[in-house]
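Asks: Below is a structure I'd like to ask you about.
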Amino acid sequence: MPVTKLATHRVEKPWGRHRLWPGFADPAPGGEPIGEVWFQAPGDSEPDLLVKYLFTSEKLSIQVHPDDVQARARGLPRGKDECWLILDAEPDSTIAVGTREPVDHATLRRAALDGSIEQLVDWKPVRAGDFLYSASGTIHAIGAGLTLIEVQQNSETTYRLYDYGRPRELHLDDGIAVSDAVPYVPIISPGDAGGGRTILVEGPKFVLERWTEGTRRLSLPADTTAWLVPVTGTGEADGTSFAAGECLTVTSDVTISAAPGADLLVAYPGTRRIDLSGR
């Protein structure tokens with residue numbers, strides 16, 4: 001099918017929440033907190049990208065991901081670049097990206113072991129509407145009090161460097177080996193592309209766009225899949241309806257109509273934006 005509405009998979013996490021976001025039912029009273037909602041393709045396919053919502057009540061671990069070359073050297077299909085669109089944030093919410101200054105691997109290991117890594121990483125204040133791109137090798141940690149959409153290469157290879165004393169496995173050797181422990185350099189968004197279309201990311205691993213209301217024809221290259229994520233509002237993709245809290249994939253040319261007031265993310269693998277027609 002050229003348009004597929006993806007299934008949702010709710011993931012319980014100790015750092016999750018009992019109050020989620022419009023479009024998602026809250027956990028039952030007394031139930032475990034929900035930290036993530038994944039959108040999953042049918043069958044056993046392993047698509048290039050993965051889309052998630054995250055709901056945090058505590059800091060996530062300080063962690064790092066390998067790049068494509070490092071991952072494939074370990075027999076894994078790909079590395080993990082990822083990005084975050086902040087939907088909601090408490091006044092003191094932060095995300096750590098990069099280190100305050102360059103750190104060598106020996107210093108990084110000592111800091112991970114004694115906990116001082118919390119002071120080495122750069123905790124940046126964030127608010128609703130902010131966008132951050134975290135390339136593989138970037139040391140990072142998502143803070144508490146956040147609701148966000150994560151678009152990432154489809155890999156769950158995560159090396160935890162520090163977890164605030166929680167009883168979970170750390171991966172110091174692997175994590176330090178792939179860490180680029182330097183200050184974070186924000187990606188420069190290409191910005192407004194006209195017609196209610198903003199380019200948030202254009203490569204190196206995927207393109208991420210943000211669309212306002214309107215009708216557009218998306219013509220995909222052969223063997224390319226696009227992910228449609230309605231942030232707010234409703235619409236249709238070749239007759240398949242969508243609403244906030246859902247995610248669709250598209251695998252061929254399709255007409256996408258976003259209703260008045262809608263806000264839509266569109267993600268697809270590649271290094272260059274796709275030309276559109278219509279408005």
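Derivation of every value follows stated rules applied to the coordinates shown; laboratory data play no part. These numbers come from a predicted model, not from an experiment. Every residue, glycine as well, gets a Cβ built from its backbone with ideal geometry; the counts of neighbours run over all protein chains shown.
Asks: Work the Kirkwood hydrodynamic radius out for segment 8-178: mean of 1/r over every pair of different alpha-carbon atoms, inverted, in Å. Write out the running numbers ahead of the final one.
Replies: Numbers: mean 1/r = 0.0598 Å⁻¹.
One decimal place: 16.7 Å for the Kirkwood radius.
Asks: Applying 1/(1 + (r/R0)^6) with R0 = 22 Å to the Cβ-Cβ distance of Leu76 and Val182, what FRET efficiency is obtained, to the nearest 0.05? Walk me through the numbers before you get to the answer.
Replies: Values: r = 24 Å, r/R0 = 1.09.
Calculated value: 0.40.
Asks: Answer with one residue from Ala243, Trp38, Tyr184: the one whose Cα lies farthest towards the positive end of the charge dipole of the chain, charges on Cβ with Lys, Arg +1 and Asp, Glu -1.
Replies: Of Ala243, Trp38, Tyr184, it is Ala243.
Asks: Could you give the dipole magnitude of segment 8-178 about its Cα centre, charging the beta-carbon of Lys and Arg +1 and that of Asp and Glu -1, in debye to the nearest 20?
Replies: Details: 18 positive and 27 negative charges, 32 e Å.
Once rounded to the nearest 20, the dipole reads 160 debye.
Asks: Apply 1/(1 + (r/R0)^6) to the Cβ-Cβ distance of Thr4 and Thr198, taking R0 = 25 Å, and write down the FRET efficiency to the nearest 0.05.
Replies: Details: r = 25 Å, r/R0 = 1.00.
E between Thr4 and Thr198, to the nearest 0.05, is 0.50.
Asks: Suppose every Lys and Arg Cβ carries +1 and every Asp and Glu Cβ carries -1, with no other charges. What dipole size does segment 1-93 come out with about its Cα centre, to the nearest 20 debye?
Replies: Numbers: 11 positive and 15 negative charges, 34 e Å.
In total the dipole reaches around 160 debye.
Asks: Using alpha-carbon pairs under 8 Å, 6+ residues apart, how would you state the relative contact order of segment 45-119 in percent? Let's see the in-between values first.
Replies: Working: 23 pairs, mean separation 10.5, N = 75.
Reported as a whole number, the value is 14 percent.
Asks: Output wanted: per-residue J couplings in Hz (rounded whole) for segment 162-175, from phi through Karplus 6.51 cos²θ - 1.76 cosθ + 1.60, θ = phi - 60°, x for Gly and Pro.
Replies: Per residue, the Karplus-derived 3J(HN,Hα) values read 7, 9, 6, x, 5, x, 10, 5, 9, 9, 5, 4, 5, x Hz.
Asks: Okay, next question. Angle between the Cα long axis of helix 105-114 and the longest principal axis of the chain, 0 to 90 degrees, nearest 10?
Replies: So the inclination is approximately 80 degrees.
Asks: Something else now. Give a quick list of trypsin sites (Lys or Arg not before Pro) in segment 96-128 that DSSP marks as loop, anything other than H, G, I, E or B, with at most 16 other Cβ atoms within 10 Å.
Replies: Details: sites: Arg100, Arg109, Arg110, Arg127; in loops: Arg100, Arg127.
The qualifying sites are Arg100, Arg127.
Asks: If a/c stays under 1.5 just call it rounded; otherwise compare a/b with b/c (prolate if a/b is bigger, oblate if not). Do that for segment 77-131, with a ≥ b ≥ c from the square roots of the Cα gyration tensor eigenvalues. Each step should come with its number before you reach the end.
Replies: Numbers: a/c = 2.86, a/b = 1.51, b/c = 1.90.
It comes out oblate by the Cα gyration axes.
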